[in-house]
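The values are calculated or read from the model by the stated rules, or taken from the named source; none is laboratory data. Because the structure is predicted, anything quoted here is derived from the model rather than measured. Here Cβ is always computed from backbone atoms with ideal geometry, including for glycine, and neighbour counts include all displayed protein chains.
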Amino acid sequence: MEKIIKHPSEASIKTQKSMINRLNRVEGQIRGIKNMIEKEIYCDDIINQLEASRSALHSIQILLLESHIKNCVADQIEKGDKTVIDELLKTIRKITK
């Protein structure tokens, strides 16, 4: 279910910029990994870079989850929408597998 925030807060704008910056770095890391594979760099070095990218994506995921809980979920609960709790629990189950 896609929900659109019509009036983002200053905090959510700051979070969004942080996530975009982090994603740009991950994108660069992925391009670097591709180049490493093309140049047949030592496998262990590639594996280490893959893990660094995975870890960076996980950090972005946690940042987004925190923002989602503080803003979207809290707002929906205040409006009486309790279905958001089940949605949140489903998302947490997915990311903790």
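With respect to (1) part of a helix (DSSP H, G or I); (2) at pLDDT below 90, the lone exception for His7 is condition (1).
Restricted to the stretch 33-49, and to residues there that are part of a helix (DSSP H, G or I) and surrounded by 14 or more Cβ atoms within 10 Å (Cβ to Cβ), the residue that is nearest to the chain's Cα centre (by Cα) is Gln49.
Looking at the stretch 13-29 only, could you name the residues that are β-branched (Val, Ile, Thr) and farther than 14 Å from Gln61 by Cα?
Ile13
Within the stretch 63-90, being in a helix (DSSP H, G or I) and either touching a residue at least 60 places away in the same chain (Cβ under 8 Å) or among the acidic types (Asp, Glu) (or both) holds for Glu66, Asn71, Cys72, Asp75, Glu78, Asp86, Glu87. Exactly one condition in (1) at pLDDT below 95; (2) of a type in the set (A, V, I, L, M, F, W, C); (3) surrounded by fewer than 12 Cβ atoms within 10 Å (Cβ to Cβ) is not met by Cys72; state its number. Every condition holds for Cys72 apart from (3).
Report whether or not Ile60 is surrounded by 11 or more Cβ atoms within 10 Å (Cβ to Cβ), among the β-branched types (Val, Ile, Thr), out of contact with any helix residue (DSSP H, G or I) (no Cβ under 9 Å at 6 or more places or on another chain) and in a helix (DSSP H, G or I).
Answer is no for this residue.
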